[in-house]
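Readers should treat all values here as calculations from the given coordinates under stated rules, not as data from a laboratory. Just so we're clear, the structure is a prediction, and the values are computed from it rather than from any experiment. Here the Cβ is made from the backbone with ideal geometry for all residues, glycine too, and neighbour counts use every protein chain on show.
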């Protein structure tokens, strides 16, 4: 079995429990796999203590320096009493541990529910939360984590899909053409926006990465944290038609600007960021297709219907990128 294609094949329950115990925690034998595909994440029961969450990182995805930089960012947020979940220091000051070829971290288990973010109160609350994160994220840049760019989310994603023959032959010309046109439209959006500021982001700010309690929201996963424009952490909370998204955006920004200024020039790239995510998402699944977890989790991927829908989706995005930005008169 190729360990590069099946990187978690050796990650057995015994290895997981022994890894956690090796670093000073006494397990009670309970182990629950949590919903994660890029990495492997488990709730681990402890003797006479609350359960913890052990996260085993996908080999080869991030350098250790990049993972530690993520941990440092979360620690900075926690120091400002922003509701996030920092990794535990099991031995000394180490938040990143290694055993049997796997790097892993342990986090406190944090309860909560996935929110339905709708209505003025919740949107303003989320805006304040993200604004506080960005106020810290703007203080210093990442050195070891990437920047979200047209090249790495767009050009590289399209190139991978075409070069590795994921597009059905009868749809190849249509996909190749519309994806190239979409990338041209993305570049025009960024040109209209002009020079934009970059800061440290959560990077994957959609409701599935947010847990809500009576005390409000908190993020549970900064694995995709990177440099980028502030809007990247806001647009995924918008849904519906243009009018609905405009109302939602105004509520978000009402809370956000309590803690951090928002450059409205970024609104020119909202649909461009959405299009980049669509391209990147397909390439992400394609790059992981030899991992047995992915065909089981995404059985619809790489079907004729899937790529037909992607072509239609990109055509719609091209039209949306030609419209004016949300909130414009």
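Computed quantities for the displayed model
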| quantity | calculated |
| --- | --- |
| Relative contact order (percent, whole number), the range 168-285, Cα cutoff 8 Å, 6+ residue spacing | 31 percent |
| Theoretical FRET efficiency, 1/(1+(r/R0)^6), r = Cβ-Cβ of residue 322 and residue 9, R0 45 Å, to 0.05 | 0.45 |
| Rounded, prolate or oblate (a/c below 1.5 giving rounded, otherwise prolate when a/b exceeds b/c) for the range 121-176 by Cα gyration tensor | oblate |
| Inter-part distance where the range 48-127 and the range 236-291 are each reduced to a Cα centre, Å | 23 Å |
| Using alpha-carbon coordinates, inclination of helix 120-137 to the longest axis of the chain, degrees | 70 degrees |
| Taking the range 27-108 and dividing mean pair separation by its residue count, relative contact order in percent (alpha carbons under 8 Å, at least six apart) | 25 percent |
| Expected 222 nm ellipticity per residue - DSSP helices of 4 or more, -39500 (n - 2.57), all of the chain, to 500 | -13000 deg cm²/dmol |
| FRET efficiency estimate (nearest 0.05) - Cβ-Cβ, residue 72 to residue 287, R0 35 angstrom | 0.80 |
| Residue order, fewest to most surrounding Cβ atoms within 10 angstrom, among 300, 235 | 300, 235 |
| Residue 191-residue 308 pseudo-label distance in nm [points 7 Å out on the Cα-to-Cβ vector] | 3.5 nm |
| Stretchable slack from residue 242 to residue 172, in nm (0.36 nm times residue separation minus alpha-carbon distance) | 22.1 nm |
| Average Cα contact separation per residue, the chain, under 8 Å, 6 or more apart, as relative contact order % | 20 percent |
| Residues 47, 156, sorted so that the one with the fewest Cβ neighbours within 10 Å comes first | 47, 156 |
| For the range 27-108, fraction of C-alpha pairs farther apart than 21 Å, in % | 30 percent |
| Kirkwood hydrodynamic radius of the range 60-193, from inverse mean 1/r over distinct Cα pairs, in Å | 19.0 Å |
| Degrees separating the helix 64-79 axis from the principal Cα axis of the chain, which is the longest one | 90 degrees |
| Efficiency of FRET between residue 98 and residue 298 - r from beta-carbon atoms, R0 25 angstrom, step 0.05 | 0.25 |
| Share antiparallel - DSSP beta bridges, the chain, percent rounded to 5 | 95 percent |
| Exposure proxy ranking, count of Cβ atoms within 10 Å, fewest first, for 161, 320 | 320, 161 |
| Potential extension, residue 261-residue 140 segment - 0.36 nm per residue separation minus Cα distance | 41.9 nm |
| Bins of 10 Å from zero: percent of alpha-carbon pairs in the chain | 5, 23, 32, 26, 12, 2, 0 |
| Acute angle (nearest 10 degrees) that the helix 13-22 long axis makes with the longest principal axis of the chain, alpha-carbon atoms | 70 degrees |
